[in-house]
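To start, the structure itself, in structure tokens.
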Amino acid sequence: MNDDIRDVMTPSPHTIQSSESVMDAAQLMRKSDIGDVIVVEGNRLFGILTDRDIVVRVLAEGRDPGSRP
């Protein structure tokens, strides 16, 4: 297996600004049928948010996803 990273990565990953809410990210995931989004601040990579992050770090702790950036 001698694939380059570009051969196996997603060609057009979805991004969301860090200032947007967790609810916005969840709706983007549902609409695009994906399990994670790349979080950016302007044009810089900030991190990645997964559907598991939303469940464990927001919903399970009783936080409001509509008001959490």
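The values are calculated or read from the model by the stated rules, or taken from the named source; none is laboratory data. Predicted model only: the values in this text are computed from it and were never measured. Note: ideal-geometry Cβ built from the backbone for every residue, glycine included; neighbour counts use all protein chains shown.
Okay, residues lined up against (1) at pLDDT 95 or above; (2) over 10 Å from the mean Cα position of the chain (by Cα); (3) part of a helix (DSSP H, G or I):
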position: Thr10; (1), (2), (3): no, yes, no
position: Asp24; (1), (2), (3): yes, no, yes
position: Leu28; (1), (2), (3): yes, no, yes
position: Val39; (1), (2), (3): yes, no, no
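Of everything in segment 51-69 that's of a type in the set (Lys, Arg) and in a helix (DSSP H, G or I), which residue is surrounded by the most Cβ atoms within 10 Å (Cβ to Cβ)?
Step one: filter segment 51-69 for residues of a type in the set (Lys, Arg), giving 52, 57, 63, 68.
Narrowing the set further to residues that are in a helix (DSSP H, G or I) leaves 52, 57.
Working: Arg52: 10, Arg57: 14.
So the residue we want is Arg57.
Every residue in segment 1-18 that is surrounded by fewer than 10 Cβ atoms within 10 Å (Cβ to Cβ) and not hydrophobic (A, V, I, L, M, F, W, C), please.
Listed by number, the residues that qualify are Asn2, Asp3, Asp4, Arg6, Asp7, Thr10, Pro11, Ser12.
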